Amino acid sequence: MGEMIVNQIVTQVTGGSSGIGKCIAIECYKQGAFITLVARNEDKLLQAKKEIEKHSINDKQVVLCISVDVSQDYSQVENVIKQAQEKLGPVDMLVNCAGMSLSGKFEDLEVSTFERLMSINYLGSVYPSRAVIATMKERRMGRVVFVSSQAGQLGLFGYTAYSSSKFALRGLAEALQMEVKPYNVYVTVAYPPDTDTPGFAKENQTKPLETRLISETTSVCKPEQVAKQIVKDAVQGNFNSSIGSDGYMLSSLTCGMAPVTSIMEGLQQVVTMGLFRMIALFYLGSFDSIVRRCMMQKAKLETVDKTA
Ligand SMILES: NC(=O)C1=CN([C@@H]2O[C@H](COP(=O)(O)OP(=O)(O)OC[C@H]3O[C@@H](n4cnc5c(N)ncnc54)[C@H](OP(=O)(O)O)[C@@H]3O)[C@@H](O)[C@H]2O)C=CC1
Ligand SMILES: CCCCCCCCCCCCCCCC(=O)[C@@H](N)CO
């Protein structure tokens, strides 16, 4: 498997106008890539374009903006990607980063929230990938990145809608990787932890206490750091991309039938599996006790309310 050289390659980033996506675009631009940003809001796109352009390393580099909803209409997504390809040439690397999170207890979440998260997080990654994959296979080169989440590796209180939409990306990525590997096209799934972005700030406004307490087990990452790791793994053609020691343990523990990139990676998984399962049992115990404590706290408050 050859490493990709980012200089002069065409990188298309959905969700590239904010947060992790914007940092991925900056990281690629710093290495000399041509960028297409895909998102809905045109003002945010233009602002991101200006910010990214500050990091140019030569005067040929371009940042193109496409305003489209990646989750709605496949033919519309296909059309705008074709138009972009006419201007910049075929996409070498597609990063599917458009997405969002909504948390809440299962019975409190609207049914429409399940549909919406599945549309944005899952179908919103299927459509752009479907639009570029044939050309990548023909050209015998390419990278497709799916940005899942640690919540795409384990289910947590409050994430019934979000986790399932992020788990879906793993299945898509595994199946697709098996199809395209002989054509020298490589798929990466990234599993970031909580990351300090506008999307994360918004998510926190409605996060249940339980979800917040469980998430606080791990620290919040900087989007620049997450972006750097994702770009590095995608360029190297690694199937898995994770951050930090929790990320490493989670990826080893949940490797299942995921492809390995090196013999070393496979051996590490074999050797660490039992130990990491042991550690996971302690985490699960502490998560369960957080949930139970919150329930008892609420019950106590209710009896106080009633007697008052
Ligand atoms: N921040 C975190 O803690 C973590 C985030 N992630 C995942 O990383 C990704 C990026 O998250 P983050 O940077 O926090 O998010 P932000 O909310 O900061 O940015 C989201 C980006 O996606 C775009 N977008 C959203 N919906 C659509 C749509 N339907 N069509 C096209 N573009 C869309 C937004 O632009 P616009 O609204 O204008 O369309 C924006 O550019 C998401 O998939 C998220 O689930 C994973 C783990 C942790
Ligand atoms: C051996 C096993 C060790 C396991 C440690 C597990 C710790 C889990 C904490 C999970 C935090 C949830 C991240 C979700 C981020 C996200 O996607 C949202 N913030 C999106 O906005």
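Assorted remarks:
- Unmet criterion (only one of (1) away from ligand 2 (no atom under 13 Å from the Cβ); (2) of a type outside the set (G, A, S); (3) touching a residue at least 60 places away in the same chain (Cβ under 8 Å)) for E138: (3)
- Residues in the stretch 165-219 that are aliphatic (A, V, I, L, M), surrounded by fewer than 18 Cβ atoms within 10 Å (Cβ to Cβ) and closer than 28 Å to M295 by Cα: A201, L209, L213.
- Residue within the stretch 295-305 that is assigned to a helix (DSSP H, G or I) and open to solvent by less than 60 Å² (accessible area, probe 1.4 Å) present: yes
- Looking across M273, M278, M264, M249, one residue alone is within 16 Å of ligand 2 (Cβ to nearest atom), exposed (fewer than 12 other Cβ atoms within 10 Å of the Cβ) and not charged (D, E, K, R). It is M278.
- Within the stretch 22-44, the residues that satisfy the criterion of being among the hydrophobic types (A, V, I, L, M, F, W, C) and either assigned to a loop (DSSP other than H, G, I, E, B) or more than 19 Å from the chain's Cα centre (by Cα) (or both) are A33, F34.
- Any hit, the stretch 209-230, residues being β-branched (V, I, T), closer than 28 Å to G142 by Cα and in a helix (DSSP H, G or I): yes
- Any pair with Cβ under 6 angstrom, 6 or more apart, that starts in the stretch 295-308 at a residue that is touching a residue at least 40 places away in the same chain (Cβ under 8 Å) and ends at one that is not in a loop (DSSP other than H, G, I, E, B): none
- Hey, V80 within 15 Å of ligand 1 (Cβ to nearest atom), farther than 22 Å from T197 by Cβ, of a type in the set (A, V, I, L, M) and open to solvent by 10 Å² or more (accessible area, probe 1.4 Å) or not: yes
- Residues that are touching a helix residue (DSSP H, G or I) at 6+ places or on another chain (Cβ under 8 Å), more than 16 Å from ligand 2 (Cβ to nearest atom) and not in a helix (DSSP H, G or I), drawn from the stretch 165-205: V185, Y186, V187, T188
- Cβ-Cβ distances below 7 Å connect no pair with a first residue in the stretch 280-294 that is touching a residue at least 12 places away in the same chain (Cβ under 8 Å), a second residue that is among the hydroxyl-bearing types (S, T, Y) and assigned to a helix (DSSP H, G or I), and a separation of six or more residues or different chains.
- Checking V260, V189 one by one, the residue that is modelled with pLDDT of 95 or more, away from ligand 1 (no atom under 13 Å from the Cβ) and not polar (S, T, N, Q) is V260 and no other.
The values are calculated or read from the model by the stated rules, or taken from the named source; none is laboratory data. Keep in mind that this is a model prediction, so the values were computed, not measured. Neighbour counts are summed over all protein chains in view; Cβ atoms, including those assigned to glycine, are modelled from backbone coordinates with ideal geometry. Areas reflect the complete protein model, heavy atoms only, side chains present, ligands, DNA and RNA absent. Shrake-Rupley method; radii C 1.70, N 1.55, O 1.52, S 1.80 Å.
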